[in-house]
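What follows is a short report on a single structure.
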Amino acid sequence: MTPPSVSTHISKAVRINQHGGPEEIQLVDVTVGEPGPGEIRIRHKAVGLNFIDVYQRSGLYNLPMPLQLGMEASGVVEAVGEGVTHLAVGDRAAYASQPPGSYCELRVMPAKCVCKLPDAISFETGAAMMLKGLTAQYLLRRTLPQGGLKAGDHVLFHAAAGGVGLIACQWARALGLQLIGTAGSSEKCALAKELGAAHVINYATEDFVARVKEITGGKGVKVVYDSVGKDTFDRSLDCLSPFGLMASFGNASGPVAPFAPGILGSKGSLYVTRQTLFSHITTRESTQEMADELFAMVGSGKVVIRIDQKFPLAQVADAHRALEARKTTGCTILTL
């Protein structure tokens, strides 16, 4: 029996009991208690949808069951635990954070990766921008080739019309970079071009390696940012200039197969890295520093967060199907 001094609340939440397809998703009632030390309780206003949610649902990322899905949301802080000083009851807030669990109305969670949301940024934008925007930040500002990047440099960005890609197109334009974006349709290519890509390649109809070499005068790009994985990894190495960086940060088409490191030498002494957002936001200070830069870019209008799809929380299985079928552009949010 719950002690009388401890208040509890009922929240709708999305949960799976085993890995599998969207049919495994269930909407259930869960009990939410009080935050402990270093925690907050937050009532969500909107929730973000990301490919990592699909990886966790499918079992590509194997997590203990039952699992409450979701890595990103915005809302209002209802209670703060001992030791939490950067947030207060009533604060507007947004986050991208471990552990999973954002697909819900209300949750208790660690406070360190939760940031105050500026008044000028709506809850819907806040929910859509944190994971994807912080990912674009760490890629373009922290995951850099030898010698760094400067205005005029060419970079290749796969899935340029997706949530991370459209933010990266705009951020790269603000940095003066020549971003070459790939996408799977002429409509998606047009969208990436509109939002800042200097060049676009429809990989459904064009050889992206040949086009990159043509665009760069045969030199190749300094860095490839790739969230597609299996289908693009090998040929992306051929797009790099000597000492270039292959930055893998996702597996939309499946995980990259093992490869012999010797090919990196024969292709120009290349570098390869596999990045995750959660390595970059392990501390409160790093999270806030990255978020501040993201908030500044959005607040200035240099980066506009496109929310192209909205699904009610109860229809999250349909949202997963649309995302996996590559039927989405920009950001997708779940409404409460």
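Filtered by the rule that a residue be assigned to a strand (DSSP E or B) and either touching a residue at least 24 places away in the same chain (Cβ under 8 Å) or within 23 Å of residue 123 (Cα to Cα) (or both), segment 28-60 gives 30, 32, 39, 40, 41, 42, 43, 44, 45, 46, 47, 48.
Might you let me know whether segment 257-270 holds any residue that is at pLDDT 95 or above, assigned by TED's automatic domain parsing to the domain that holds residue 160 and closer than 23 Å to residue 138 by Cα? Yes: segment 257-270 contains one or more residues that are at pLDDT 95 or above, assigned by TED's automatic domain parsing to the domain that holds residue 160 and closer than 23 Å to residue 138 by Cα. Contact map, segment 206-229: first residue under 30 Å from residue 55 (Cα atoms), second residue in a helix (DSSP H, G or I) and not hydrophobic (A, V, I, L, M, F, W, C), Cβ cut-off under 6 Å, separation 6 or more or different chains; pairs are 209/235; 224/236; 226/236.
Among the criteria (1) acidic (Asp, Glu); (2) in the same structural domain as residue 252 (by TED's automatic domain parsing); (3) part of a helix (DSSP H, G or I), the one residue 231 does not fulfil is (3). Residue count for segment 294-316 satisfying the condition of being crowded, with 18+ Cβ neighbours inside 10 Å and either small (Gly, Ala, Ser) or at positive phi (or both): 0. Being buried (at least 21 other Cβ atoms within 10 Å of the Cβ), assigned by TED's automatic domain parsing to the domain that holds residue 34 and either under 22 Å from the mean Cα position of the chain (by Cα) or modelled with pLDDT of 95 or more (or both) is a description that applies to residue 94. Answer yes or no as to whether residue 120 is surrounded by fewer than 20 Cβ atoms within 10 Å (Cβ to Cβ), assigned by TED's automatic domain parsing to the domain that holds residue 94 and among the small types (Gly, Ala, Ser). Criteria met by residue 120.
Filtered by the rule that a residue be outside any helix (DSSP H, G or I) and either closer than 12 Å to residue 330 by Cβ or in contact with a His (Cβ under 7 Å, 6 or more places away or on another chain) (or both), segment 145-180 gives 159, 160, 161, 162, 178, 180.
None of 197, 210 is of a type in the set (A, V, I, L, M) and part of a loop (DSSP other than H, G, I, E, B) except 197.
Of the residues making up segment 115-141, those that are touching a residue at least 24 places away in the same chain (Cβ under 8 Å) and either among the hydroxyl-bearing types (Ser, Thr, Tyr) or outside any helix (DSSP H, G or I) (or both) number 10. Determine if segment 282-293 includes at least one residue that is surrounded by 14 or more Cβ atoms within 10 Å (Cβ to Cβ) and not in a helix (DSSP H, G or I). No - not one qualifying residue is present in segment 282-293.
The values are calculated or read from the model by the stated rules, or taken from the named source; none is laboratory data. Not measured: the values here are computed from a predicted model. Don't worry about glycine lacking a Cβ; one is built from the backbone with ideal geometry, like all the others, and counts go over all protein chains shown.
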